[in-house]
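See structure below.
The values are calculated or read from the model by the stated rules, or taken from the named source; none is laboratory data. Quantities reported herein were computed from a predicted structural model and do not represent experimental measurements. Counting neighbours? That spans all protein chains shown, and the Cβs are built from the backbone with ideal geometry, glycine included. With ligands, DNA and RNA removed, areas are computed over all heavy atoms of the protein, side chains included. Shrake-Rupley method; radii C 1.70, N 1.55, O 1.52, S 1.80 Å.
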Amino acid sequence: MAVTVMAAAVLALLLLSSSGPLGPRLLCASPQEPVGLTLLDCATEKGAVCLDGTPAGYHLQRGAGSGSRSWLIHLEGGAWCSTVERCSNRTKSMLGSSNFMKPIQFAGSGILDSDQQLNPDFYNWNKVYVRYCDGASFSGDSEGRAQDGSTLHFRGLHIYEAVIDELMGKGLANATQALLTGCSAGGLATLLHCDDFSARFPREASVKCLADAGFFLDEKDISGERSFRSVYEGVVQLQNVREVLSKDCLANKDPTECFYPAELIKSIHTPVFILNSGYDPSQIRNILVPGSSDPDNSWLSCKENIQNCNSTQIQVLHGFRNAMVNDLKVAEEKEGWGMFIDSCFTHCQALYGISWNSTISPRLKNKTIAEAVGDWYSGRKQGVKYIDCEYPCNPTCSSLLPTT
């Protein structure tokens, strides 16, 4: 028994060594140097600055061999800021200032890994990690004034455009394959910019998008209020994101509603892969059961670990998951699109080696996420649209999967 427990502990440590995005690498991965930060050229002149006015930046790792003309651009996530106060607070961190950004490790980070065994389809591509420091999913174009009188720069759209333009001059323009990805708020950004990204390439290039944990729902919380909508409404109004929203949607609906993925996917023409959990803890904690909807904290334990939920709470979670599946019917009907909607209690899966491609990765149709995305992007398999059954039906959902 002692040997078995010790072996399990060692396995857990091994797996967790790859669990943080851009953190420690897998112990069995080949050594890779951290990737330094590149600040945008002429960022101030282009308006491509973080909330505090410092230049925005990205991390570029060059591809090699057969991947030398293939590019993966990842848009970082990190929630949103919907008020002047919250945006001002972000200027004291890497989510609002490049002064706090450090080199990062791609090894062990799922789709960014350069290990062929762990990331067989994208290991030798040119890979770019774009830092998120605007608070509006790379979509704002405005300014604000903080309480101390300093200027808040809501220039996410300028950051996205300047990064892509600069990368075009570094070889992206010659890409034969390109994939725009993003996690969480970066997943939403991927949907917002997907068609613009695709339009920059010749028709013969294979250009697609992957939105990870970015399919946020416009649903009521357990008290019957749409409390999360106020967050999106604040972002849309404060940071002026109208430029990136669908004109067809804006003609008929409120801009806030047009900021939600359920509306965005209706007008996207580029092939997209939607990667999401139907029981995403981030959405459960912020949309379905925010603190304001649960004053007696009866959901506190459930929100932290789905295994702690009682049968009544599980039924509520099923309803939330079913709303996501219903909203995704639009994607199901789109030719060339892909989906991997698992029932694991996890958030952001493409950037974690443990989720992307490991012995305990979630599986649908006996495929890991890495295998499903690879099949979809390469065209090796048609109809890669996998939707899991309701929790707790999937035995490949591990409690070690990341929840933040």
What's the number of the condition residue 404 fails, among (1) within 25 Å of residue 179 (Cα to Cα); (2) hydroxyl-bearing (Ser, Thr, Tyr); (3) assigned to a loop (DSSP other than H, G, I, E, B); (4) open to solvent by less than 60 Å² (accessible area, probe 1.4 Å)? (4)
Those residues of segment 324-376 which are part of a strand (DSSP E or B) and farther than 18 Å from residue 208 by Cα amount to 341, 342, 364, 367
From the residues in segment 132-149 that are open to solvent by 10 Å² or more (accessible area, probe 1.4 Å) and either in a loop (DSSP other than H, G, I, E, B) or at pLDDT below 95 (or both), which one is nearest to residue 171 (Cα to Cα)? 141
Within segment 289-298, does at least one residue satisfy the condition of being of a type in the set (Gly, Ala, Ser) and within 30 Å of residue 206 (Cβ to Cβ)? no
Matching residues, segment 242-262, being part of a helix (DSSP H, G or I) and crowded, with 22+ Cβ neighbours inside 10 Å: 244, 258, 261
Checklist (1) within 22 Å of residue 339 (Cα to Cα); (2) open to solvent by 70 Å² or more (accessible area, probe 1.4 Å) applied to residue 208, failing item: (2)
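One line per residue, one yes/no per condition, for (1) within 24 Å of residue 115 (Cα to Cα); (2) touching a residue at least 12 places away in the same chain (Cβ under 8 Å):
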| site | (1), (2) |
| --- | --- |
| 273 | yes, yes |
| 281 | no, yes |
| 285 | no, yes |
| 316 | no, yes |
| 319 | no, no |
| 339 | no, yes |
| 342 | no, yes |
| 362 | yes, yes |
| 365 | no, yes |
Considering 156, 110, which residue is buried (at least 24 other Cβ atoms within 10 Å of the Cβ), under 22 Å from residue 200 (Cα atoms) and touching a Ser or Thr at 6+ places or on another chain (Cβ under 8 Å)? 156
Within segment 381-401, take every residue that is part of a loop (DSSP other than H, G, I, E, B) and of a type in the set (A, V, I, L, M, F, W, C) and give me the one that is farthest from residue 341 (Cα to Cα). 400
Take the residues in segment 265-316 that are outside any helix (DSSP H, G or I) and among the hydroxyl-bearing types (Ser, Thr, Tyr); name whichever of them is surrounded by the most Cβ atoms within 10 Å (Cβ to Cβ). 277
When you look at residue 52, is it assigned to a loop (DSSP other than H, G, I, E, B), among the charged types (D, E, K, R) and within 20 Å of the chain's Cα centre (by Cα), yes or no? no
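Matching residues to (1) within 23 Å of the chain's Cα centre (by Cα); (2) aliphatic (A, V, I, L, M); (3) modelled with pLDDT of 95 or more:
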| position | (1), (2), (3) |
| --- | --- |
| 282 | yes, no, yes |
| 285 | yes, no, yes |
| 289 | yes, yes, yes |
| 297 | no, no, yes |
| 304 | yes, no, yes |
| 329 | yes, no, yes |
| 334 | yes, no, yes |
| 338 | yes, no, yes |
| 347 | yes, no, yes |
Only residues that are more than 15 Å from residue 154 (Cβ to Cβ) and among the polar types (S, T, N, Q): list them for segment 225-247, please. 227, 230, 246
Find the residue count for segment 97-142, including only residues that are over 29 Å from residue 239 (Cα atoms) and touching a helix residue (DSSP H, G or I) at 6+ places or on another chain (Cβ under 8 Å). 15
Tally, over segment 160-190, of residues that are open to solvent by 10 Å² or more (accessible area, probe 1.4 Å) and part of a helix (DSSP H, G or I): 6
Could you list all residues from segment 169-196 that are without any contact (Cβ under 8 Å) to a residue 60 or more places away in the chain and out of contact with any helix residue (DSSP H, G or I) (no Cβ under 9 Å at 6 or more places or on another chain)? 169
Of all residues in segment 287-314, how many are closer than 25 Å to residue 191 by Cα and without any contact (Cβ under 8 Å) to a residue 60 or more places away in the chain? 0
Only one residue in 53, 67 is modelled with pLDDT of 95 or more, over 25 Å from residue 228 (Cβ atoms) and open to solvent by less than 10 Å² (accessible area, probe 1.4 Å), so which one is that? 67
